[in-house]
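Structure, as structure tokens:
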Amino acid sequence: MFDYPYIVELLSPKRSDDKNIAGNLDRFALRYNRIIESGCGLSIPDNPMGQPRMGALESIESRMLTFHPEKVVVNLNTFHTKRELDGLLEKAGSTGLKYILVVRGDGGPLLPKLDPKSIDGQFSVATSIDLIRYINDTYPNQFVTGAAFNPFKPMPFEYNRMEQKVSAGAKFVITQPIVGKNENVSQIEKLGIPIVVEAWMSKNIDLLYKSVGIKKDEHAEPFDPADNLKTLHKFYPESSLYLSMLGFKQNWQDILPRLSRQNQE
């Protein structure tokens, strides 16, 4: 599905930093173009950590960047009003966006909650399963929706939820960041959809453990993101890798082996 080796996470500017919005958009544009020119795809989170940020398409249009529907994955979560949600999807359709990663999302006091009844949800809160189904029912054959998978949550509960996401219309999955081979990730291969494995590219392993909700292994070797990336390539050779916390001041050719190989070819 994704014919590039890496999907690089790219954050859009915070709305709260309105005094620096022009400079932040310029930085977004530089990073956007660097990712595309490197031969990678990119993923733009939807208000991560509950902090309102400019929308993905809004940021791209504000700097008149060339839109690449095959290389842009836009995240969409359940912390929008129904009117805002429909507006985002209408805009996505008009621009030719193809890939949408649907996630439950990070809520907070600064963001509204989607009314589950407005998208035919059956529970007291809107779920990613509800949203995946709503997008595919309302915009049939227009988008390729994906789902998130957390291999650190209890199984088989999380695996069963992943099955429900596929039944609702998910066509690809992006995992939480993993270190080395993860048996729970291997389990979802039987679902028969492309798996994008997330690689943590920061040396701050404490933040990784905190973000996925597990205790740090005090006996583990010091974490080296470049070594872990090589390990993930070894165990998941058919997968594109999602790179979170990748530094933009680094020389990517030195740390991303598939980029070096791609350029040699």
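Laid out as a table, the results:
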item: Top-ranked residue of segment 13-58 - restricted to ones that are of a type in the set (Gly, Ala, Ser) and exposed (fewer than 13 other Cβ atoms within 10 Å of the Cβ), ranked as modelled with the lowest pLDDT; result: SER16
item: The lone exception for SER244 - which of (1) closer than 30 Å to SER167 by Cβ; (2) at pLDDT below 95 it fails; result: (2)
item: Index of the failed condition, LYS91 passing every other in (1) over 21 Å from ILE174 (Cβ atoms); (2) touching a Leu at 6+ places or on another chain (Cβ under 8 Å); (3) not in a helix (DSSP H, G or I); result: (3)
item: Any hit, segment 143-154, residues being surrounded by fewer than 21 Cβ atoms within 10 Å (Cβ to Cβ), at pLDDT below 95, among the hydrophobic types (A, V, I, L, M, F, W, C) and under 26 Å from GLU183 (Cβ atoms); result: yes
item: Where a residue in segment 52-71 is on the phi > 0 side of the Ramachandran plot and without any contact (Cβ under 8 Å) to a residue 24 or more places away in the chain and its partner, wherever it lies, is open to solvent by 30 Å² or more (accessible area, probe 1.4 Å) and part of a loop (DSSP other than H, G, I, E, B), with Cβ under 6 Å and at least six apart; result: none
item: Boolean, ALA220 is aliphatic (A, V, I, L, M) and over 13 Å from THR175 (Cα atoms); result: yes
item: Residue match in segment 204-218 (condition: touching a helix residue (DSSP H, G or I) at 6+ places or on another chain (Cβ under 7 Å) and part of a helix (DSSP H, G or I)); result: no
item: Number of the condition not met by TYR139 [criteria: (1) open to solvent by 30 Å² or more (accessible area, probe 1.4 Å); (2) modelled with pLDDT of 95 or more; (3) more than 17 Å from the chain's Cα centre (by Cα)]; result: (1)
item: Enumeration of residues in segment 106-129 that are out of contact with any Leu (no Cβ under 8 Å at 6 or more places or on another chain), closer than 19 Å to VAL166 by Cα and open to solvent by less than 80 Å² (accessible area, probe 1.4 Å); result: GLY121, THR127, SER128, ILE129
item: Residue ID - surrounded by the most Cβ atoms within 10 Å (Cβ to Cβ), chosen from residues in segment 162-203 that are assigned to a loop (DSSP other than H, G, I, E, B) and hydrophobic (A, V, I, L, M, F, W, C); result: ALA170
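The values are calculated or read from the model by the stated rules, or taken from the named source; none is laboratory data. Model, not experiment: these values are computed from the prediction. With ideal geometry, Cβ positions are generated from the backbone for all residues, glycine too; neighbour counts draw on all protein chains shown. Areas reflect the complete protein model, heavy atoms only, side chains present, ligands, DNA and RNA absent. Shrake-Rupley method; radii C 1.70, N 1.55, O 1.52, S 1.80 Å.
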